[in-house]
Amino acid sequence: MREDGARIERYVVAARLKPGEAAAAEQLLLEGPPFDPAEAGFSAHEAYLGEDRVYLVFEGEAARSKAMDLARKHIVEAARWQAIVSGLPSRTPDVPPDARCLYRWAP
């Protein structure tokens, strides 16, 4: 919780990669997000690549709802991911320790 009483939320989503799509996922993650994390109201944002999954971490007040809003606003960019992931992303408790961080932002 912040000094002003606001609760900082950590929202982690994971998506399973289709076979052979790790290089494409790495390239997309290295490009960074299609939004400015500060303008979106996050206090931190990270992207990781695991053996067969990508992980996106959003931190800040109401992180989950902000992340969901961004997915709706950036539908074209999200479509790029649909070609390389299998199924829909889902919430996960945390990023596994063996996943590589490819993008990190914090003010």
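Assorted remarks:
- Residue match in segment 61-71 (condition: in contact with a helix residue (DSSP H, G or I) (Cβ under 9 Å, 6 or more places away or on another chain), closer than 15 Å to Pro107 by Cα and not in a loop (DSSP other than H, G, I, E, B)): no
- Only listed residue being at negative phi, free of Cβ contacts under 8 Å to residues at least 12 places away in the same chain and surrounded by 14 or more Cβ atoms within 10 Å (Cβ to Cβ), chosen from Ala78, Ala47, Ala63: Ala78
- You will find that of Val54, Val95, the residue that is within 14 Å of the chain's Cα centre (by Cα), buried (at least 18 other Cβ atoms within 10 Å of the Cβ), in a loop (DSSP other than H, G, I, E, B) and among the aliphatic types (A, V, I, L, M) is Val95 and no other.
- Residue within segment 23-45 that is assigned to a strand (DSSP E or B) and either hydrophobic (A, V, I, L, M, F, W, C) or in contact with a helix residue (DSSP H, G or I) (Cβ under 7 Å, 6 or more places away or on another chain) (or both) present: yes
- Considered as a group, the residues in segment 8-25 that are surrounded by 14 or more Cβ atoms within 10 Å (Cβ to Cβ) and not hydrophobic (A, V, I, L, M, F, W, C) include one that is farthest from Trp81 (Cα to Cα), and that residue is Glu9.
- Conditions (1) part of a helix (DSSP H, G or I); (2) modelled with pLDDT of 95 or more; number of the one not met by Val12: (1)
- Qualifying residues in segment 81-92 (those that are β-branched (Val, Ile, Thr) and in a loop (DSSP other than H, G, I, E, B)) - the one surrounded by the most Cβ atoms within 10 Å (Cβ to Cβ): Ile84
- When Arg7 is tested against (1) in a helix (DSSP H, G or I); (2) over 18 Å from Arg91 (Cα atoms); (3) of a type in the set (D, E, K, R), exactly one condition is not met: (1).
The values are calculated or read from the model by the stated rules, or taken from the named source; none is laboratory data. Quick caveat, the model's predicted, so the values are computed rather than measured. All Cβ positions, even for glycine, are placed from backbone atoms using ideal geometry, and neighbour counts span all protein chains on display.
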